[in-house]
Amino acid sequence: MLDLRLIREDPDRVRASQRARGESVDVVDQLLAADEARRSSLTEFERLRAEQKALSKDIPSASGDEKQALLVRAKELSAQVKDAEAAADDAQRELDELALVPSNVIVDGVPAGGEDDYTVLREVGERPDLGTGEQARDHLEIGESLGAIDTERGAKVSGARFYFLTGVGAQLELAILNLALATAAEAGFTPMITPTLVRPEIMSGTGFLGAHADEVYRIEADDMYLVGTSEVALAGYHSNEIVDLSNGPLRYAGWSACYRREAGSYGKDTRGIIRVHQFHKVEMFSYCRAEDAVDEHERLLGWEERMMAAIEVPYRVIDTAAGDLGASAARKYDCEAWLPSQSRWLELTSTSNCTTFQARRLGVRERTDGGTRHVATLNGTLGTTRWIVAILENHQQPDGSVRVPVALRPYLGGRELLTPAGT
RNA sequence: GGAGGAUUCGCCUAGUGGCCUAGGGCGCACGCUUGGAAAGCGUGUUGGGGGCAACCCCUCGCGGGUUCGAAUCCCGCAUCCUCCGCCA
């Protein structure tokens, strides 16, 4: 949700942002009209209500005919107040509904356009030389040979896009997540294990029930949602609170299972564990002052790149185009690892600056000299199940083994190599 | 699943239809006092919205209702606590 004051004072900025995203520009004028309607109906209600209060104060001390006359007048007024209040409520409801429509206003510098209009900020690391003309084996082939990934039984038990991580595969996932959590803790984040079922208002407050509502699993019997990321729970953590940011940002690292329906991605990444319905993730989440959000975003990206370096995979950083941003994000950077088997880049991390957009919906504020104001929220990935893909493929050896990146070794009992089962 | 009880300002609490314009205590902030501090005294201290302003409106868990008037009465819901049942 945007600040109505911004829409009133600088509607052109909002229009430009909506245009860059390829979304509705007219909604700005609809909002301005709804805001005007709300204010005039509210003023009328308040005028009548004040009159009613003044009148009812005189009733107890009146008597006889005078009292009867007052009661008659008060009864009329009571009906008028009721109508005016209903009108004001309707106008407020209409405004509230419209206010959810515009997406966050993009940060200056975000490229306009859609999925393919990103800007590459940098490319880091060398793509592995896997031998002359040799076709790189893909992560599933490697994973199966290591006895690490079992997608067939995943499908048998739960359907397409489910999998078992077995043996060293399970350990490798935990190694990634443990390294991520340790990195976060060292950087001052508070480690958190979060709920994965949340109430509707929390899911909606984070902005995931807009255009991407089909992505979310809903538990109909209990009217709850399964989260696609711990960002949801961490954003809800301080909902309707006034937080204290005087000692710097509040930083949390959430560990959770993540659930995604992957509706509309039929036929895309169907092999292996690149695109799955359930995975684990360690996510950074930061509450900071609005004016610090741009710097905080760079810091989150910095921690993500530290993790990229730790798993020793070649990657690039992209500045996602406006049309490919989630509704809440004002800017998003992705780190994409090189995927040798497909000669393409694969998203491993994503960090979004949601400015005050989420906090406004969720009611997260801070105290300032001039009252309260909404804080900024940011999030970023520090490790997921998918990273197994990039690690297996980039560290595969000609003999079929996989080299373990140095930083992960302590979490794998010191192992330097993962070797195929039965060799 | 059933039966009771609770939900008031950061915390504790008063409040059974108009005297609530929600009182008191704690905490916190500022001031007085002091050589300095403590104590004491005084002032302030929920949040949101409208208005150029004076000022006004809303906010006693949430949503309805009764009434000229609701923290207070009625209905529904949520959360927490206690007990019972069921499951483990």
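Scanning segment A:9-60 for residues that are within 8 Å of RNA strand B (Cβ to nearest atom) and touching a residue at least 60 places away in the same chain (Cβ under 8 Å) gives a single hit, A:ASP35. Every condition in (1) closer than 30 Å to A:ARG403 by Cα; (2) not assigned by TED's automatic domain parsing to the domain that holds A:PRO314 is met by A:GLY109 except one, and the failing one is (1).
Taken across segment A:316-327, residues that are open to solvent by less than 10 Å² (accessible area, probe 1.4 Å), among the hydroxyl-bearing types (Ser, Thr, Tyr), in contact with a helix residue (DSSP H, G or I) (Cβ under 6 Å, 6 or more places away or on another chain) and in the same structural domain as A:GLY205 (by TED's automatic domain parsing) do not occur at all.
Assess whether A:ARG47 counts as being over 26 Å from the mean Cα position of the chain (by Cα) and within 30 Å of A:LEU31 (Cβ to Cβ). Answer is yes for this residue.
For A:ARG93, the conditions (1) farther than 27 Å from A:SER204 by Cβ; (2) outside the structural domain of A:VAL402 (by TED's automatic domain parsing); (3) free of Cβ contacts under 8 Å to residues at least 40 places away in the same chain all hold with the exception of (1).
The values are calculated or read from the model by the stated rules, or taken from the named source; none is laboratory data. This is a predicted model, so every value here is computed, not measured. Positions of Cβ are backbone-derived with ideal geometry, glycine not excepted, and every protein chain shown enters the neighbour counts. Heads up: the accessible areas ignore ligands, DNA and RNA and are worked out on the full protein's heavy atoms, side chains in. Shrake-Rupley method; radii C 1.70, N 1.55, O 1.52, S 1.80 Å.
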